[in-house]
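*Asks:* Pasting a structure below so you can have a look.
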């Protein structure tokens, strides 16, 4: 039997980290921009990187929320595709994983 509370706490902690990171990214993107053309170009490149990191963070938040929902519903640790158990070793590395290793390899 899985220790879902341990995974829930890990997922909640990660959610908190991502929330802080996304707020920092948002603050940086909202900060005043340079009027100098060269500096503005460099800032725009930095903004594009921050936007990409923000999108990745939002995607991870969605996966974490889905995993927390599976914990609430009692289906955490079961592959959403084949309904086999997901290996504990996989969940220890990627607790938001919705798929077992075999199904994840087929999707990739």
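*Asks:* If a residue must be in contact with a helix residue (DSSP H, G or I) (Cβ under 7 Å, 6 or more places away or on another chain) and more than 15 Å from residue 2 (Cβ to Cβ), how many such residues does the stretch 61-108 contain?
*Replies:* The number of residues fulfilling the criteria is 6.
*Asks:* Next up: What about residue 2, is it over 19 Å from residue 62 (Cα atoms) and touching a strand residue (DSSP E or B) at 6+ places or on another chain (Cβ under 9 Å)?
*Replies:* yes
*Asks:* Right, next: Condition first: in contact with a helix residue (DSSP H, G or I) (Cβ under 7 Å, 6 or more places away or on another chain), surrounded by 12 or more Cβ atoms within 10 Å (Cβ to Cβ) and within 23 Å of residue 107 (Cβ to Cβ). Can you find one or more residues in the stretch 4-12 that meet it? Before you say what the answer is, go through the steps one by one.
*Replies:* Keep residues of the stretch 4-12 that are in contact with a helix residue (DSSP H, G or I) (Cβ under 7 Å, 6 or more places away or on another chain), which gives 4, 7-8, 11.
From the residues that got through so far, the ones that are surrounded by 12 or more Cβ atoms within 10 Å (Cβ to Cβ) too are 4, 7-8, 11.
Pick out the ones that are also within 23 Å of residue 107 (Cβ to Cβ) and you get 7, 11.
Yes, there is a match, as at least one residue in the stretch 4-12 is in contact with a helix residue (DSSP H, G or I) (Cβ under 7 Å, 6 or more places away or on another chain), surrounded by 12 or more Cβ atoms within 10 Å (Cβ to Cβ) and within 23 Å of residue 107 (Cβ to Cβ).
*Asks:* Please verify whether the stretch 75-86 includes one or more residues that are touching a strand residue (DSSP E or B) at 6+ places or on another chain (Cβ under 7 Å) and touching a residue at least 60 places away in the same chain (Cβ under 8 Å).
*Replies:* The answer is yes; a qualifying residue exists.
*Asks:* Could you say whether any residue in the stretch 52-70 is without any contact (Cβ under 8 Å) to a residue 12 or more places away in the chain and at positive phi?
*Replies:* no
*Asks:* (1) closer than 14 Å to residue 97 by Cβ; (2) at pLDDT 95 or above: which one isn't true of residue 2, the others all being true?
*Replies:* Of everything listed in (1) closer than 14 Å to residue 97 by Cβ; (2) at pLDDT 95 or above, residue 2 misses just condition (2).
*Asks:* Here is a list of conditions, (1) free of Cβ contacts under 8 Å to residues at least 40 places away in the same chain; (2) more than 24 Å from residue 100 (Cα to Cα); (3) touching a helix residue (DSSP H, G or I) at 6+ places or on another chain (Cβ under 9 Å), and residue 18 meets all of them except one; can you say which number that is?
*Replies:* For residue 18, the failing item is (1).
The values are calculated or read from the model by the stated rules, or taken from the named source; none is laboratory data. Nothing here was measured: the structure is a model prediction, and the numbers come from that model. We place every Cβ from the backbone using ideal geometry, glycine too, and count neighbours over all the protein chains shown.
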